[in-house]
Amino acid sequence: VQLVESGGGWVQAGGSLRLSCVASGQSFSTYTMAWYRQAPGKVREFVAEIKMTGLDAYNRDTVKGRFTISRDRPPNTVTLQMNNLEPEDTAVYYCNAHTPAYDSEYWGQGTQVTVSS
């Protein structure tokens with residue numbers, strides 16, 4: 001099983017980035033797909049998730065309506081569109097897949113997002 005993220009990089013404040021995560025190795029049709037992030041010196045925090053039904057949820061305090069999560073299946077791809085980026089969004093962004101009961105969970109290796117002021 002693999003979760004492979006892409007799309008990270010450097011952007012100026014106010015810019016946009018689109019992160020993608022491709023899940024492979026098994027079926028993820030019943031999994032919730034999510035994005036987390038971890039800034040230097042901080043704990044990993046939830047950003048957004050999308051359930052197998054398509055229902056999405058966001059960390060409203062962090063995202064503030066700027067990010068949109070979506071998924072395509074097949075393939076097992078989850079995308080995070082990030083607009084109006086702020087320096088505080090600088091972090092390593094991780095893709096996550098988990099069953100609703102969390103009895104099965106996988107993480108990607110992460111992709112760096114750097115936002116300069």
ask   = Relative contact order (percent) for the chain, with alpha-carbon contacts under 8 angstrom and 6 or more residues of separation?
value = 36 percent
Packing-based order for 19-25, 1-7, using average beta carbon neighbours within 10 Å, highest first = 19-25, 1-7
Residue order for E45, E88 - accessible surface, 1.4 angstrom probe, largest first = E88, E45
query = Under 5 Å between amide H atoms, partner at least 5 residues away or on a different chain: which partners does S104 have, H built in plane at 1.01 Å?
reply = T99
inquiry  = Let's test the formula: R0 of 41 Å, r as the Cβ-Cβ distance of T53 and A13. What FRET efficiency results, to the nearest 0.05?
reply    = 0.75
remark   = Descending accessible area (1.4 Å probe), largest on the left, turns K42, K51 into K42, K51
inquiry  = Given R₀ = 30 Å, what would the calculated FRET efficiency be for S24 paired with R66, taking r from the Cβ atoms and rounding to 0.05?
reply    = 0.55
inquiry  = Mean-square fluctuation check for the chain, GNM, Cα pairs under 10 Å: which of A101, A91, A48 is largest?
reply    = A101
remark   = In a Gaussian network model of the chain with springs linking alpha carbons closer than 10 Å, the residue among Y93, Y102, Y31 that fluctuates most is Y102
note = For the chain, the Debye formula with one identical point scatterer on each Cα and no solvent gives log10 I(q)/I(0) at q = 0.09, 0.16 Å⁻¹ as -0.21, -0.68
message = From the helices alone, meaning DSSP H stretches of at least four residues, give me the mean residue ellipticity at 222 nm for the chain, per-run term -39500 (n - 2.57), in deg cm²/dmol to the nearest 500.
response = -500 deg cm²/dmol
query = Does a label point 7 Å from the Cα of N84, set along Cα-to-beta-carbon, have any residues of the stretch 5-43 with amide nitrogen under 17 Å, and which are they?
reply = 12-18
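The values are calculated or read from the model by the stated rules, or taken from the named source; none is laboratory data. Note that the coordinates shown come from a computational prediction; the quantities given were computed from them, not determined experimentally. As a convention, Cβ positions derive from the backbone with ideal geometry for all residues, glycine included, and neighbour counts pool all protein chains shown. These area figures cover heavy atoms from the full protein model, side chains too; ligands, DNA and RNA do not enter into them. Shrake-Rupley method; radii C 1.70, N 1.55, O 1.52, S 1.80 Å.
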